[in-house]
Amino acid sequence: MNYQFLFFDLDHTLWDYDKSARETLRELYEGYQLQDKVAFDAEALQEKFFEVNYQLWADYNIGKIDSEYLRTQRFVRIFEELGTDKSLIPANFTYEYVNGCPQKPHVIDGAFELLDHLQDRFSLHIITNGFE
């Protein structure tokens, strides 16, 4: 077959979502000085985030929840599952996560080299199931 177009999923294929999310969560934890307000550390926040986020995305992908629910309830569930009242979630925490994480420059090892190798032979495109 003679392919003209190659499509790459962004998260976990080119962009290192996990590393970006972990870094963003640590920055938010430290920036909001959560160590003085909650009974969990940054690592527990990161681990619980991936557990809850994975489940919410699975629910979203089968139509069980919508994007608004995922975004508004993700940290509510995380904080509650970590034994912390949702009232302790900083007001802009979700907003800062959603806007900060995509700004992280972390890519999967070898991604740039792969794209450089392919760019003269194919029309390259990035797709994602993310919201924006």
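Restricting attention to segment 109-132 and to residues that are out of contact with any strand residue (DSSP E or B) (no Cβ under 7 Å at 6 or more places or on another chain) and closer than 13 Å to residue 8 by Cα, the residue that is most open to solvent (accessible area, probe 1.4 Å) turns out to be 112.
Mind checking whether some residue in segment 50-59 is in a helix (DSSP H, G or I), touching a residue at least 60 places away in the same chain (Cβ under 8 Å) and either under 19 Å from residue 108 (Cβ atoms) or open to solvent by 20 Å² or more (accessible area, probe 1.4 Å) (or both)?
No, because not a single residue in segment 50-59 is in a helix (DSSP H, G or I), touching a residue at least 60 places away in the same chain (Cβ under 8 Å) and either under 19 Å from residue 108 (Cβ atoms) or open to solvent by 20 Å² or more (accessible area, probe 1.4 Å) (or both).
Do we have any residue at all in segment 24-39 that's modelled with pLDDT of 95 or more, touching a Gly at 6+ places or on another chain (Cβ under 6 Å) and surrounded by 16 or more Cβ atoms within 10 Å (Cβ to Cβ)? Within segment 24-39, one or more residues are modelled with pLDDT of 95 or more, touching a Gly at 6+ places or on another chain (Cβ under 6 Å) and surrounded by 16 or more Cβ atoms within 10 Å (Cβ to Cβ). The criterion of being open to solvent by less than 40 Å² (accessible area, probe 1.4 Å) and more than 20 Å from residue 11 (Cα to Cα) does not hold for residue 91. Within segment 77-104, being in contact (Cβ under 8 Å) with a residue 24 or more places away in the chain and not in a helix (DSSP H, G or I) holds for 82, 83, 84, 90, 104. With respect to (1) surrounded by 14 or more Cβ atoms within 10 Å (Cβ to Cβ); (2) under 27 Å from residue 124 (Cβ atoms); (3) touching a Ser or Thr at 6+ places or on another chain (Cβ under 6 Å); (4) among the hydrophobic types (A, V, I, L, M, F, W, C), the lone exception for residue 15 is condition (3).
Here residue 6 fulfils each of the conditions (1) assigned to a helix (DSSP H, G or I); (2) among the aliphatic types (A, V, I, L, M); (3) farther than 18 Å from residue 130 by Cα; (4) in contact with a helix residue (DSSP H, G or I) (Cβ under 7 Å, 6 or more places away or on another chain) apart from (1). Restricting attention to segment 8-45, which residues are among the aromatic types (Phe, Trp, Tyr), touching a residue at least 60 places away in the same chain (Cβ under 8 Å) and over 17 Å from residue 99 (Cβ atoms)? Selection gives 8 alone.
Counting the residues of segment 17-49 that are hydrophobic (A, V, I, L, M, F, W, C) and outside any helix (DSSP H, G or I) gives 3. Going by the conditions given, is residue 71 farther than 20 Å from residue 20 by Cα, within 19 Å of the chain's Cα centre (by Cα), assigned to a helix (DSSP H, G or I) and not polar (S, T, N, Q)? The answer is no for residue 71.
The values are calculated or read from the model by the stated rules, or taken from the named source; none is laboratory data. For clarity, every value in this text was computed on a predicted model and none was experimentally measured. Using ideal geometry, Cβ is built from the backbone for each residue, glycine included, and neighbour counts are taken over all protein chains shown. Note: accessible area is taken over every heavy atom of the protein model, side chains too, but ligands, DNA and RNA are not part of it. Shrake-Rupley method; radii C 1.70, N 1.55, O 1.52, S 1.80 Å.
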